[in-house]
Amino acid sequence: MTLLKRAQTAIGTENLFLLGGLAVVIIGFSSSTPLFLTGSNFGSMAFQLPVLGLLTLAMMVPILSGGLNLAIIFQANIAGLALASVLIKFGGAEAGYGAFALGVLAALIVGALSGFLMGLVVAYLGAHPILASLAMMIFLRGLGEFLTKGGDISGFPPFMETMGHGSILGVPIPLLIFLGVALLWHIILSHSKHGFSVYMIGSNIEASEYSGINTRRTLIMIYTLSGVVCAIAGILMAARFNSVRVGHGEALLLVTVLACFLGGLDPFGGFGRVAPVVLALCTLQALSSGLNLIGANQHLATAVWGLFLIGVMALRWAAARLYLTNNRRN
Amino acid sequence: MRKALSANIVEIRLFVVLMIMIIGLGLTTDTFLTVANLTSLLNNNSINLIWAVGLLVVLVAGGIDISFAVAASMVQYLAAQIFGVIGGGNWAFGILTAGSLGLGLGLINAALIHGFRIVSIVITIATFNAFFGLLMFFTKGRSIYTLPDWWVDRIFLFEYQSASGVWSELHLSVAIMAVCLIATAILIRRTNIGRQLYAFGDNPEGARRAGVNIALMQAIAFGWCGMMAGIGGLMQVNIAKEVVPNALYGRELDVLAAVVLGGARLGGGRGTVIGCVLGVFFVAITQNGLNLLGVSPFAFQMIIGATILIAISTSNVKIDMSSLLRRPQKKLKRGSNNDAT
């Protein structure tokens, strides 16, 4: 009991809970198939996780502030489109590193700008974030369809391939990018003034405003940064698939919200950390890879993700009740 | 009268904008104000409207439902199986089956939301994934084309041939839509339960202390939304003449945008059936108008998105002006489950 208590304080209840879930999933799959606990399986998981992971991080901070960003997928697509069009302008497959840097810059600017606009609407016009981002989503989807006529753009320089499929010291580059952003996100949220303001706004926007927090600037910052992370995801998607198409990853939109809630984020905002969300992502990835290995398809994995979230929420509810009754008795 | 005006300011503003659009399109194109165009507008949007009023009841009760469109797909598939086993059926039986299947799926949402005291967006995103994943898994993504005749045969309520020989007609779905609209309006505006739904959406804890049965409220709101989803799904098959498991995927967000545009408040306690109609037709007529004006179809979605963005922006600005002293509603109101332990 004391060991459990000590672990609880060191790692955090939420992390411990999710680590338990992850352990159950891993043990379950490794006992049912020998293919699960292998280097190649973990390698492919490490390549598949980052895109969903980055998009989830982009979704996470708006949820922490009490909102939602439904435009993330198309922000990523449009940013990828910006990168692609710069690369195509500089010769497609022959484009050099300079063109790539310029393209990345363009992608980041496009992502930031779309987020900035959304933040502006949310902060100054008081529009509900769900509605503002929904309108932005429809707009960006339309913009992408208009620009690409529904087709896809491909033919990127070979080093993009390395970025999407290569490794440094055995660690996949996409995973490094994801972990870097996750760490940055953690530092911003736990150790910066902006992060503090995010939590305060999520808890009570009125009270934060009266306490001298610049709520409008913080909200704009939240959506701009979310857009920047979307752009990084978009660049990674372009590198992974070696093509850009508007609508790529559309199915991931609600999965990112699911991952956030699984990671213990309060749906009303104000509470939640980066580490549990990363753990939740690992669990989802392990579930889908494991199900793939035992012969089920991605659709069954989607269903299991949904049922898993319900199960976890039910367990949390039961744990909270148990905690309450125990406290009352003492 | 003034009170009624200020209480429905969003609807009135949208109505005025819609009227301006209709008059503008009527003057600039000679095809907009024709019987053929207006009937096809009605036919094409009847399904969205059925879903919109279902979602409205959930929004009024302070919840949100992401899962209704895939629930509709699920109902279509299950209904096709049931009709196949029974070998026949008719419209009355079909509506009863689809309605009860949808009701059942809605009640699953309600039971999870109330039972575990989890906010509706979490549960409906979970059930969205569960429903869609299971549906795609069991159907293997295959469509069903062999459907009973009564289901896919067109029933015309109204037929008219213009002088130039263009046929225009109203389908059965328009009549079902009208019934759904009226039934929803009666439910939320004319019954005791409707008053309780608004009270519950506006202030769940206050309503609970005033003696409102919150479990019943969740069941009615999500059950009604599910039932409308099922009926809408049934009618969609009548138009599409096939059951495609992922055909309705993604429609939920479009319907949500239209309903909220029509004045329903995310967070509960506000929204009208008229607003739903205006919201759905605002989007539909924008698209229809762009089409008739000869704008490239690839630009439709972009312009619609921009229009919604402008519409929500300006509607919030005006509210700000009219009540400068009160602060605008910035945040999702504490949702439907404040009674959580």
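Could we say that residue A:85 is surrounded by fewer than 19 Cβ atoms within 10 Å (Cβ to Cβ), under 30 Å from residue A:153 (Cα atoms) and out of contact with any Cys (no Cβ under 7 Å at 6 or more places or on another chain) here?
Yes: the conditions hold for residue A:85.
Go through the stretch B:1-64 and tell me which helices (runs of 4 or more DSSP H), entirely inside it, have 3 or more residues that are at pLDDT 90 or above.
Here the list reads B:9-28, B:35-60.
For the stretch A:264-276, how many residues are in contact with a helix residue (DSSP H, G or I) (Cβ under 6 Å, 6 or more places away or on another chain) and more than 10 Å from chain B (Cβ to nearest Cβ)?
6
Looking at the stretch A:219-241, which of its residues are surrounded by fewer than 24 Cβ atoms within 10 Å (Cβ to Cβ) and more than 30 Å from residue A:161 (Cα to Cα)?
A:220, A:221
Please state which one of A:151, A:142, A:111, A:119 is within 14 Å of another protein chain (Cβ to nearest Cβ), at pLDDT 90 or above and within 30 Å of residue A:241 (Cβ to Cβ).
A:119
Return yes when residue A:247 is surrounded by fewer than 22 Cβ atoms within 10 Å (Cβ to Cβ) and either closer than 19 Å to residue A:46 by Cβ or of a type outside the set (Lys, Arg) (or both) and no when it is not.
yes
Restrict the check to the stretch B:287-298 and report whether at least one residue is farther than 30 Å from residue B:137 by Cβ, within 11 Å of another protein chain (Cβ to nearest Cβ) and among the aromatic types (Phe, Trp, Tyr).
Yes, there is a match, as at least one residue in the stretch B:287-298 is farther than 30 Å from residue B:137 by Cβ, within 11 Å of another protein chain (Cβ to nearest Cβ) and among the aromatic types (Phe, Trp, Tyr).
What's the number of the only condition in (1) under 19 Å from residue B:112 (Cβ atoms); (2) free of Cβ contacts under 8 Å to residues at least 40 places away in the same chain; (3) among the β-branched types (Val, Ile, Thr) that residue A:325 fails to meet?
(1)
Test each condition in (1) part of a helix (DSSP H, G or I); (2) in contact with a Lys or Arg (Cβ under 7 Å, 6 or more places away or on another chain) for residue A:268 and report the one that comes out false.
(1)
Can you go through A:166, A:92, A:126, A:170 and tell me which one is at the interface with another protein chain (Cβ under 8 Å from one of its Cβ atoms), more than 22 Å from residue A:58 (Cβ to Cβ) and either within 23 Å of the chain's Cα centre (by Cα) or modelled with pLDDT under 90 (or both)?
A:126
Taking helices (runs of 4 or more DSSP H) that fall entirely within the stretch A:102-201, which contain at least 2 residues that are buried (at least 21 other Cβ atoms within 10 Å of the Cβ) and touching a Pro at 6+ places or on another chain (Cβ under 6 Å)?
In the stretch A:102-201, the matching helices (runs of 4 or more DSSP H) lie at A:173-191.
Could you go through the stretch A:193-206 and let me know if any residue there is within 30 Å of residue A:47 (Cβ to Cβ), more than 14 Å from chain B (Cβ to nearest Cβ) and touching a strand residue (DSSP E or B) at 6+ places or on another chain (Cβ under 9 Å).
Taking every residue of the stretch A:193-206 in turn, none turns out to be within 30 Å of residue A:47 (Cβ to Cβ), more than 14 Å from chain B (Cβ to nearest Cβ) and touching a strand residue (DSSP E or B) at 6+ places or on another chain (Cβ under 9 Å).
Please go through the stretch A:18-37 and pick out each residue that is free of Cβ contacts under 8 Å to residues at least 40 places away in the same chain and of a type outside the set (S, T, N, Q).
Once the filter is applied, which keeps residues that are free of Cβ contacts under 8 Å to residues at least 40 places away in the same chain and of a type outside the set (S, T, N, Q), the stretch A:18-37 yields A:20, A:23, A:24, A:27, A:34, A:37.
If you take the residues in the stretch A:312-330 that are within 12 Å of another protein chain (Cβ to nearest Cβ) and over 30 Å from residue A:195 (Cα atoms), which one is farthest from the chain's Cα centre (by Cα)?
Among residues in the stretch A:312-330 that are within 12 Å of another protein chain (Cβ to nearest Cβ) and over 30 Å from residue A:195 (Cα atoms), the one farthest from the chain's Cα centre (by Cα) is A:328.
Name the single residue that is farthest from the chain's Cα centre (by Cα) among those in the stretch B:245-260 being buried (at least 20 other Cβ atoms within 10 Å of the Cβ) and more than 8 Å from every other protein chain (Cβ to nearest Cβ).
B:245
Looking at the stretch B:119-149, which of its residues are touching a residue at least 24 places away in the same chain (Cβ under 8 Å), farther than 19 Å from residue B:101 by Cα and in a helix (DSSP H, G or I)?
Hits for the stretch B:119-149 are B:120, B:121, B:125.
Tell me, which helices (runs of 4 or more DSSP H) wholly within the stretch B:165-266 include 3 or more residues that are of a type outside the set (Phe, Trp, Tyr) and closer than 25 Å to residue A:302 by Cβ?
B:214-240, B:251-261
For residue B:131, indicate whether it is within 27 Å of residue B:64 (Cα to Cα) and hydrophobic (A, V, I, L, M, F, W, C).
So residue B:131 passes the test.
Among the residues of the stretch A:124-147, are any among the hydrophobic types (A, V, I, L, M, F, W, C) and over 29 Å from residue A:260 (Cβ atoms)?
For the stretch A:124-147, residues among the hydrophobic types (A, V, I, L, M, F, W, C) and over 29 Å from residue A:260 (Cβ atoms): present.
Answer yes or no as to whether residue A:296 is facing chain B (nearest Cβ under 10 Å), surrounded by fewer than 23 Cβ atoms within 10 Å (Cβ to Cβ), in a helix (DSSP H, G or I) and free of Cβ contacts under 8 Å to residues at least 60 places away in the same chain.
In short, no.
Here's the yes/no breakdown for (1) among the aromatic types (Phe, Trp, Tyr); (2) over 24 Å from residue B:255 (Cβ atoms); (3) away from chain A (no Cβ under 11 Å); (4) under 18 Å from the mean Cα position of the chain (by Cα):
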residue	(1), (2), (3), (4)
B:98	no, no, yes, yes
B:120	no, no, no, yes
B:139	no, no, no, no
B:142	no, yes, yes, no
B:151	yes, no, yes, no
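Out of the residues in the stretch B:109-118 that are surrounded by fewer than 24 Cβ atoms within 10 Å (Cβ to Cβ) and among the small types (Gly, Ala, Ser), which is farthest from the other protein chains (Cβ to nearest Cβ)?
For the stretch B:109-118, the residue satisfying everything is B:111.
State all residues of the stretch B:190-243 that are without any contact (Cβ under 8 Å) to a residue 24 or more places away in the chain and basic (Lys, Arg); if no residue qualifies, say none.
B:190, B:195, B:209
The values are calculated or read from the model by the stated rules, or taken from the named source; none is laboratory data. Keep in mind that this is a model prediction, so the values were computed, not measured. Here the Cβ is made from the backbone with ideal geometry for all residues, glycine too, and neighbour counts use every protein chain on show.
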